[in-house]
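First up is the structure itself, then whatever we jot down about it.
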Amino acid sequence: MKTTSQKSGAWQRGFRIGKLGFGLVGSYLGYQAQNLLLSESGKAQRRARFQKKAGQRVSGELGALKGAIMKVGQLLSMQSGVFPKETLRELAALQMHAPGMHATLARAQFKASMGKFPEDLFREFDPEPFAAASLGQVHRALTRKGEKVAVKIQYPAIRSAIENDFKVVRSATFAGRLTGHLPSAAIDEVQRGIMEETDYVNEAKNLKYFREQFEDIEWVTVPRVYEELSSDRTLTMSFVEGRTLAGFLETKPSQQLRDLVGARLFELFEIQTCYLKALHADPHPGNYLFQPGGRIGMIDFGCVKRFDVDWRELRRFYEDWGWRESEAAERRFLKIICGPKAPYEKARKILPDVEEYLESFHPRGSGDVFFGRKKDPAVQKRMRAAWHRCGRRIFQNKWMNPEYAFLSRADVGLGFLLEQLGAVVNISEIARRVEAGQK
């Protein structure tokens, strides 16, 4: 049974989201009206100001709301093919620099979780967070032995806030769920994943698993968990040094260093998808730290997805257009993409769009695939159009392989990272090396 305060909180969150939407619509109409009186150069300047202001407004509101709604903002911050750079720059603040809890509230949250105040367990504890995101914030501290640690403290009542956010989502998507074009199971899976991120005991297990798996890779750092200083709502880890992506780029790294870091990010992705079949599944820039010499720190393992899709098989399909080999191969490929329930004759209609996308991305017979090489804007436009047509056909016909959808999202996140780095990466060479068991 929900209390009156919980119901009021849910109503207030829904009201703020609705108010944000109406406010953006009003601002857009005002912006368009002013355009009628401006020159072409004036319109361009006005457009950039509007896009920046809209990004600030969305970032500020979603950052204040936190929870699942803020997760949406983080996802939007990586949509470089959809939003202008002025908007993306403002949304990027949601990745690590959202408004944090007041120090008094953070202290109370720690006490409620650990049974003692921070000063009772640590030699030093910084009351001001150095990072704050959708579900919690992180503080610097020193253990009694003098070890530098990062202490993540969960926001109060974040689990009920997530439940309330998804009530809003389900209301907003009622028509799509009624027709089956947006399956309820898909929303349920997203909610399950975000709720899982609020369980810091589970995140501690993920950290230990990936730390063990990557221990032989000298250029990767995964934090160590201090179990005696952790609980289901507080997580204490060894402090990982490094710069954020934005901070790294401010140092003006050479193209050689950018390419090295990009290659290593792609290699990590290949190792996880090909061998571990477990993926660090929240690939926004705030979850990586960049260290001297091209070393990479991986943080925030709240969202880890385990899957059964054979990534190497799927990549070979894409590289060789393997569905053309036989009807059996075509059926196999479509099952991976669309799921087992998609009717074969209807599902195969996506193939022309898949082929157009791949031919635009990397023409057949043109050697190794490189990410980051400049493409003609017209080619990029064809790629996006083909990809959107393919996705629209899948959704309109109510097909979805959740694992493929998840892997595609992670792949898009990796692509965004490489794009922001400005890295040029021979992904074919890395894939061959990883498949051969070489690091």
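If I ask for residues that are open to solvent by 20 Å² or more (accessible area, probe 1.4 Å) and over 23 Å from the mean Cα position of the chain (by Cα), which ones from the stretch 203-224 would you list?
212, 215, 216, 218
Among the helices (runs of 4 or more DSSP H) lying completely within the stretch 358-439, list those that include at least 2 residues that are at pLDDT below 85. Give the derivation first.
On the way: elements: 377-396, 402-421, 427-435.
Ranges flagged: 377-396, 402-421.
What tally of residues in the stretch 129-159 results from selecting those that are open to solvent by 30 Å² or more (accessible area, probe 1.4 Å) and in contact with a helix residue (DSSP H, G or I) (Cβ under 9 Å, 6 or more places away or on another chain)?
Summing the residues that are open to solvent by 30 Å² or more (accessible area, probe 1.4 Å) and in contact with a helix residue (DSSP H, G or I) (Cβ under 9 Å, 6 or more places away or on another chain) in the stretch 129-159 gives 5.
Could you run through the stretch 368-379 and say how many residues are free of Cβ contacts under 8 Å to residues at least 60 places away in the same chain and touching a helix residue (DSSP H, G or I) at 6+ places or on another chain (Cβ under 9 Å)? Don't jump to the end; show me each part of the working.
Step one: list which residues in the stretch 368-379 are free of Cβ contacts under 8 Å to residues at least 60 places away in the same chain, which gives 369-370, 373-379.
Filter once more, so that each one left must be touching a helix residue (DSSP H, G or I) at 6+ places or on another chain (Cβ under 9 Å): 369-370, 375, 379.
Counting residues in the stretch 368-379 that are free of Cβ contacts under 8 Å to residues at least 60 places away in the same chain and touching a helix residue (DSSP H, G or I) at 6+ places or on another chain (Cβ under 9 Å) gives 4.
I'm trying to understand the selection: among the residues of the stretch 127-171, which are modelled with pLDDT under 90 and among the polar types (S, T, N, Q)?
134, 160, 164, 171
Among the numbered conditions (1) in contact with a His (Cβ under 9 Å, 6 or more places away or on another chain); (2) open to solvent by 60 Å² or more (accessible area, probe 1.4 Å), tell me where residue 419 comes up short.
Going through (1) in contact with a His (Cβ under 9 Å, 6 or more places away or on another chain); (2) open to solvent by 60 Å² or more (accessible area, probe 1.4 Å) one by one, residue 419 breaks only (1).
Could you tell me whether any residue of the stretch 327-348 is aromatic (Phe, Trp, Tyr), out of contact with any Phe, Trp or Tyr (no Cβ under 6 Å at 6 or more places or on another chain), assigned to a loop (DSSP other than H, G, I, E, B) and surrounded by fewer than 19 Cβ atoms within 10 Å (Cβ to Cβ)?
No.
Mind telling me which of the residues 400, 383 ends up being open to solvent by 50 Å² or more (accessible area, probe 1.4 Å) and not basic (Lys, Arg)?
400
The values are calculated or read from the model by the stated rules, or taken from the named source; none is laboratory data. The structure presented is a predicted model; accordingly, all values stated were derived computationally and were not measured. Note that we place each Cβ from the backbone using ideal geometry, even for glycine, and neighbour counts take in every protein chain shown. Surface accessibility is based on the protein's heavy atoms, side chains included, excluding ligands, DNA and RNA. Shrake-Rupley method; radii C 1.70, N 1.55, O 1.52, S 1.80 Å.
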